[in-house]
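The values are calculated or read from the model by the stated rules, or taken from the named source; none is laboratory data. Just so it is clear, the model here is predicted, and its values are computed rather than measured.
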Amino acid sequence: MVAAFAGIFACQLLGEFIVRAFALPLPGPVLGMFLLFLALVARGGRGESAVPGNLGAAADGLLGHLSLLFVPASVGLMRYFDILAANAVTLIFAVAVSTVLAQAATALTFRLLARTNP
C-alpha cells in the first residue's frame, strides 16, 4: 500500500515539477494524473490487470475521504466572502447557465452514442 501511495504522489510531484519548469498553464496534479494514466496504459491491458499492486485499494481509500480534501478550499473561499456576495447574481447566473449547457451536452452525447451502439 505504501508503494502505491508513493507511486501516486510521485506522479503528482513529477507533474508539479514539469508544470513549474515549463510554466505550463495547468495544475501540476492534473498533469500528474495524466502521467499516471499514461503509465497504466503503457503497462498494457485494462481494468484490474493494468493496476499494479495495491494501487486500486490506495485510490479507493483516497476517494473514500475525498470530501475531507474540499474542507481547506471551502474555508479559504470564505476569505473572499465579500467579493462573492458582491457578485452573487452574476455567479448564480453563470452556474445556472453552465449547468444547463453541461446537461444538454451530456444528453446530446448520450443520444449520439446510443444511436451508434445498439
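Please verify whether Gly56 is modelled with pLDDT under 85 and closer than 19 Å to Ala6 by Cα, treating the condition exactly as stated.
On the way: modelled with pLDDT under 85: yes; closer than 19 Å to Ala6 by Cα: yes.
Yes; evaluated as a whole, the condition is true for this residue.
Spot the failing condition for Val19; the list is (1) of a type in the set (Val, Ile, Thr); (2) more than 17 Å from the chain's Cα centre (by Cα); (3) in the same structural domain as Ala6 (by TED's automatic domain parsing), and only one is missed.
Of the numbered conditions (1) of a type in the set (Val, Ile, Thr); (2) more than 17 Å from the chain's Cα centre (by Cα); (3) in the same structural domain as Ala6 (by TED's automatic domain parsing), the odd one out for Val19 is (2).
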